[in-house]
Amino acid sequence: MDVKNLLREHPAWLAHLESLGGVEARFPADPMTELMRLTVPHEDVAGVLATVPEPGTGHRWLLERCVHSLVSTMGGVERPPAFPYVPELGPYFFVHAFMAALPYTRDYHREHGVPEEVSRATFADLGRNMAVHRKRHGTAGLHAPFWFMLHTRGLLYQLGRLQFERARLGETTLRGAVRDGAPVGPEGLAAAVHIPDFHGPVTPAACTDSFERARVFFPKHFPEEDLRVATCHSWMLDDQLGRYLPAASNILAFQRRFRLLHRFDDSGMMEFVFGAEAKADPLPRRTSLERAIGDHLAAGGAWYGRAGWLAL
C-alpha cells in the first residue's frame, strides 16, 4: 500500500511526519500481557495481534514517524498535528502506534516519579476508547485517535474517577476565567478535567477524591508548573440540565463544583449518552438523563457544552 498517497488528504500531517524521520518502535516483548494491561477488549485482541505492521512496509514507515511525533513532543503542552481518522489504515493501526510509543512514556513517568498505579490506570484508557468506538459505531477501532496522544505524551493522568490534563488555556477560556477571578498563572496553564466513559458513576465522593488527588499530584510531580486552576469543557456543565434532573443527581453535583463560563455548540452529548443510538427516532428514554435530553429536544430546545473553572 502506498501510504503517502493514502495520506494525500492530510498534507500537513504528512509533511510533519516526513520532517521528523523515524524512531525505534518499542513493541512489547509479551504483547498479550501488554494488551491485558491496556484493557483491550477481548473481541479485539486477536485482530490487534494479527495486524502488527511489518518492517519495510508503508504501514511501518508511518508508524515509526507517528512514534517520533509523540516522543519528540513528550511533556510539552504545545500540540503536534493531531492523528487524523484514516479508515484505510485499518482499525488497529493507531493502537499499534501507541503501544510502540508507551515504553518512552513510561520512562517519562518514571523520571517524574509518577506512581505505577497512576501510569497503569492512565494507559488503560486505550482499551476503554476501543470500547467507546464499538459503542458508538458498532465496529472495531480506536475512538478519536488524537485523544490518546495526550496520554502518550505525558500530559494526561487518570486520578481516580476523573482525568486531568496539563494544558494551556485557550483565549476564550483564559479571558473568561481571569475576568471571573480565577488564579491563573502567567503562562495560562491549568489542569483540564475530563470524564471518561465506561468508568462508573460520577459520584460526589469519587469526584472529591479525584480533585484531592490532583491537588497533591501536580505540585509533587510537576512542581515547575503553576496549576492552581482546573477547567472543564463538557455537556455536563450545561445549566439547562437543572430544569430536568433531580437536585441530588451526580451530574448536577459535578456541575455545582464549577463557576460557569461560556457555552459552545459541539458538546458530544448525544454520542456520549446514546452511542450508536444517537440518531434513533425516537430516542431511548430508559434513564432520567435520556428522558431529559429527549424531552428538551422534543420541546424545540438545543443542548450545549459549557466551560467552567474551579480552584485547585
Some residue of the stretch 227-247 being closer than 25 Å to V178 by Cα, at pLDDT below 95, assigned by TED's automatic domain parsing to the domain that holds E187 and of a type in the set (D, E): no
Only listed residue being over 30 Å from A248 (Cα atoms) and of a type in the set (K, R), chosen from R153, R136, R161, R213: R153
Hits in the stretch 156-185 (condition: small (G, A, S), touching an Asp or Glu at 6+ places or on another chain (Cβ under 9 Å) and surrounded by fewer than 17 Cβ atoms within 10 Å (Cβ to Cβ)): G185
Which numbered condition V86 misses (of (1) surrounded by fewer than 16 Cβ atoms within 10 Å (Cβ to Cβ); (2) modelled with pLDDT under 95): (1)
Given (1) more than 26 Å from T39 (Cα to Cα); (2) surrounded by 15 or more Cβ atoms within 10 Å (Cβ to Cβ); (3) not aromatic (F, W, Y), number of the condition C207 does not satisfy: (1)
Filter result for T105 (in contact (Cβ under 8 Å) with a residue 12 or more places away in the chain, in a helix (DSSP H, G or I), not basic (K, R) and not assigned by TED's automatic domain parsing to the domain that holds Y85): no
Residue match in the stretch 278-294 (condition: among the acidic types (D, E), under 30 Å from G138 (Cβ atoms), at pLDDT below 95 and crowded, with 16+ Cβ neighbours inside 10 Å): no
Among (1) in contact with a strand residue (DSSP E or B) (Cβ under 9 Å, 6 or more places away or on another chain); (2) within 30 Å of R65 (Cα to Cα); (3) assigned by TED's automatic domain parsing to the domain that holds M269, the one test that A124 misses: (3)
The stretch 108-152 - residue that is in a helix (DSSP H, G or I) and polar (S, T, N, Q) and, of those, nearest to D197 (Cα to Cα): N129
Residue satisfying all of: in the stretch 137-155; crowded, with 17+ Cβ neighbours inside 10 Å, in contact (Cβ under 8 Å) with a residue 60 or more places away in the chain and under 17 Å from G90 (Cα atoms); nearest to the chain's Cα centre (by Cα) among these: P145
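So that you can scan it fast, the table gives a plain yes or no per residue for (1) out of contact with any helix residue (DSSP H, G or I) (no Cβ under 9 Å at 6 or more places or on another chain); (2) under 21 Å from L7 (Cα atoms):
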{"residue": "P84", "(1), (2)": "no, yes"}
{"residue": "E88", "(1), (2)": "no, yes"}
{"residue": "V95", "(1), (2)": "no, yes"}
{"residue": "E111", "(1), (2)": "yes, no"}
{"residue": "A121", "(1), (2)": "yes, no"}
{"residue": "D125", "(1), (2)": "no, no"}
{"residue": "H137", "(1), (2)": "no, no"}
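Per-residue answers, yes or no, for (1) part of a loop (DSSP other than H, G, I, E, B); (2) modelled with pLDDT of 90 or more; (3) within 30 Å of V118 (Cα to Cα):
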residue: K4; (1), (2), (3): no, no, no
residue: R8; (1), (2), (3): yes, no, no
residue: A15; (1), (2), (3): no, yes, no
residue: V23; (1), (2), (3): yes, no, yes
residue: M36; (1), (2), (3): no, yes, yes
residue: E43; (1), (2), (3): no, yes, yes
Residue pairs meeting the criteria (Cβ under 6 Å; at least 6 apart or on separate chains; first free of Cβ contacts under 8 Å to residues at least 60 places away in the same chain, in the stretch 172-185; second buried (at least 20 other Cβ atoms within 10 Å of the Cβ)): V178/V184; V184/A177; V184/V229
Any hit, the stretch 73-86, residues being over 20 Å from the mean Cα position of the chain (by Cα) and over 17 Å from N129 (Cα atoms): no
Qualifying position, being under 22 Å from the mean Cα position of the chain (by Cα), farther than 25 Å from K135 by Cα and not assigned by TED's automatic domain parsing to the domain that holds H112, among F272, F258, F264: F258
Within the stretch 257-277, considering residues that are within 21 Å of H199 (Cβ to Cβ) and modelled with pLDDT of 95 or more, the one surrounded by the fewest Cβ atoms within 10 Å (Cβ to Cβ): R257
Enumeration of residues in the stretch 1-37 that are β-branched (V, I, T) and surrounded by 14 or more Cβ atoms within 10 Å (Cβ to Cβ): V3, V23
Out of G200, G185, sole residue that is at pLDDT below 95 and farther than 24 Å from L283 by Cα: G185
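The values are calculated or read from the model by the stated rules, or taken from the named source; none is laboratory data. Keep in mind that this is a model prediction, so the values were computed, not measured. Don't worry about glycine lacking a Cβ; one is built from the backbone with ideal geometry, like all the others, and counts go over all protein chains shown.
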